[in-house]
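The block underneath contains the structure these notes are about, expressed in structure tokens.
Computed from the coordinates by the stated procedures, all read-outs in this text should not be read as laboratory data. Given the structure is predicted, the values throughout are model-derived calculations rather than measurements. Glycine also receives a Cβ, built like all others from the backbone with ideal geometry; neighbour counts cover every protein chain displayed.
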């Protein structure tokens, strides 16, 4: 029996137990500094306010943006699940607003060397997230590294954060081009939505999306959808300095209201049945199978 078949048997065995399945949303960007982690955190806050249980996986390995923005230092990270025998509940840190987060560490790198028993242990643990959370938000690194693309390929919902800066739009296109060329990417299985961040006016957000979409449709034929805009906001900057999400520090701030509107749109799409929930175990299994 080869390793790929072993993995399929592990997944099948774990799926024999009926479990709730979480919604997995991956937040990404073509370059750093565009507000990707802020987007992940503030959407998580509004999902929580809408009655959802939320966990963030900080998959920006080595940079630890989520814990810095939350002002909370985790005792454990994903590496401790992989290599130190910690359980999934051990590595969840609870931040402001009762949002749980998992620090990624650098543990994904060694997945291709794991034994069948190790895979079974990890998948069983990650499957528990589907019972702990209704929504799991993956905050990836920026750019087009292999690690980022692996997360995007495995995700059914991708939120691409960009800004009006020409370099941000260009880098967003480069990310979509790399994703579209990935051998395991499926247009049918992965839906891409664009968030325009740091705009002066709502019209600027629409204009940004139109510029990006024209090029994407001409050269990639890749369907993308505009989700909304988040304005420039001094109160968001102040909240970041205080290591508190703006949606908790000032829920009437214009950026906070924008995040609320985007979260509401995403919730409406779930209610309408537009997205099929995959769950965290299936998400992770997709990543592992690609490394076999």
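Using the Cβ-Cβ distance between residue 50 and residue 83 with R0 set to 45 Å, the FRET efficiency works out to roughly 0.80.
Multiplying the residue separation of residue 165 and residue 261 by 0.36 nm and subtracting their alpha-carbon distance yields 32.2 nm.
Modelled label positions at residue 75 and residue 268, each set 7 Å beyond Cα in the direction of Cβ, lie 4.3 nm from each other. Each peptide in 45-54, 128-137, 215-224, 67-76 was scored by the mean count of other Cβ atoms within 10 Å over its residues; highest first, the order is 128-137, 45-54, 67-76, 215-224. Past the 20 angstrom mark, what percentage of all C-alpha to C-alpha distances in the range 159-292 do you count? So the pairs more than 20 Å apart make up 56 percent of the total in the range 159-292. Over all directions, the projected convex hull of the C-alpha atoms in the range 149-201 averages 3.8 nm² in area. One decimal place: the segment residue 277-residue 225 gains 16.8 nm when fully extended, by the rule 0.36 nm per residue minus the C-alpha distance. Between residue 218 and residue 234, full extension at 0.36 nm per residue minus the direct alpha carbon distance yields a gain of 2.1 nm. The orientation-averaged projected area of the convex hull spanned by the Cα atoms of the range 177-256 comes to 6.8 nm².
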